[in-house]
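Asks: Before I ask anything, let me first share the structure, which is written out below as structure tokens.
The values are calculated or read from the model by the stated rules, or taken from the named source; none is laboratory data. If you're wondering where the values come from, they're calculated on a predicted model, not measured in any experiment. Every residue, glycine among them, receives a Cβ derived from its backbone with ideal geometry; neighbour counts consider all protein chains shown.
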Amino acid sequence: MLQYFAYVNKSEFKEAIHVGKDGHFQLVNESLIYSLVPDLAHDISPQIELLLNESRVLFYTGQMDTVFPATNLQAYFRSLNWTHDSEYRNAPRVPWTPYDGCPGMCGYKTTVHNFTEVILFGAGHYAAVDKPDEAYYLMTEFITPNK
């Protein structure tokens, strides 16, 4: 994690993502957190339903995430009303492996229409930090689905 902080705070990285040379990455910014607290009470289900109806969506979470447990997130998605909600509620969860020859499965994947949901094994709240290779392959697979 320390290498990540060092990398994202390098001037070359900041220039590449256009944050300005004075931008500084922080894992926890308390003033930002407190300014967003009122948003926690707002239900964004209509926006999520619209997104699921009109866009391709990849949602992934860590199996060991204690902040947003996978079971809670799955219950939330099951509660939504969108075009393919009944298909989602009945869709099979299949083993996911990132590439041919992978020594074992790395998670579970559910795909319905344009919605793909993946639970990454052994990953916590920062799934892409805990399992960077798997997250990379997952995103690449989603972005280039015909490869």
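To keep it simple, each residue is scored yes or no on (1) within 17 Å of Glu141 (Cα to Cα); (2) assigned to a loop (DSSP other than H, G, I, E, B); (3) hydrophobic (A, V, I, L, M, F, W, C); (4) free of Cβ contacts under 8 Å to residues at least 60 places away in the same chain.
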site	(1), (2), (3), (4)
Asn72	no, no, no, yes
Ala75	no, no, yes, yes
Thr83	no, yes, no, yes
Ser86	no, no, no, yes
Pro95	yes, no, no, yes
Met105	yes, yes, yes, yes
Lys109	yes, no, no, yes
Ala123	no, yes, yes, no
Val129	no, no, yes, no
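Asks: Read through the list (1) part of a helix (DSSP H, G or I); (2) within 20 Å of the chain's Cα centre (by Cα); (3) modelled with pLDDT of 95 or more; (4) not aromatic (Phe, Trp, Tyr), then give the number of the only condition that Asp39 fails.
Replies: (3)
Asks: Filter the stretch 54-68 down to the residues that are free of Cβ contacts under 8 Å to residues at least 40 places away in the same chain and surrounded by 15 or more Cβ atoms within 10 Å (Cβ to Cβ) and list them by number.
Replies: Pass one, the stretch 54-68, residues free of Cβ contacts under 8 Å to residues at least 40 places away in the same chain: 54.
None; the set is empty.
Asks: Being in contact with a Phe, Trp or Tyr (Cβ under 9 Å, 6 or more places away or on another chain) and surrounded by fewer than 13 Cβ atoms within 10 Å (Cβ to Cβ) is the requirement here; does Pro95 meet it? Steps first, please.
Replies: Values: in contact with a Phe, Trp or Tyr (Cβ under 9 Å, 6 or more places away or on another chain): yes; surrounded by fewer than 13 Cβ atoms within 10 Å (Cβ to Cβ): yes.
For Pro95, the condition - in contact with a Phe, Trp or Tyr (Cβ under 9 Å, 6 or more places away or on another chain) and surrounded by fewer than 13 Cβ atoms within 10 Å (Cβ to Cβ) - is met.
Asks: How many of the residues in the stretch 45-69 are in contact with an Asp or Glu (Cβ under 9 Å, 6 or more places away or on another chain), closer than 18 Å to Met139 by Cβ and among the hydrophobic types (A, V, I, L, M, F, W, C)?
Replies: So the first thing to find is which residues in the stretch 45-69 are in contact with an Asp or Glu (Cβ under 9 Å, 6 or more places away or on another chain), and the list is 49, 52, 57-62, 64.
Cutting the leftovers down to closer than 18 Å to Met139 by Cβ gives us 57-62.
Cutting the leftovers down to among the hydrophobic types (A, V, I, L, M, F, W, C) gives us 57-59.
Total meeting the criteria: 3.
Asks: Suppose we filter the stretch 42-70 for residues that are at pLDDT 95 or above, over 15 Å from Ala127 (Cβ atoms) and not hydrophobic (A, V, I, L, M, F, W, C); how many remain?
Replies: Adding up the residues that qualify gives 8.
Asks: Related question: State yes or no: is Tyr60 at negative phi, assigned to a helix (DSSP H, G or I) and assigned by TED's automatic domain parsing to the domain that holds Glu141? Give the derivation first.
Replies: Values: at negative phi: yes; assigned to a helix (DSSP H, G or I): no; assigned by TED's automatic domain parsing to the domain that holds Glu141: yes.
In short, no.
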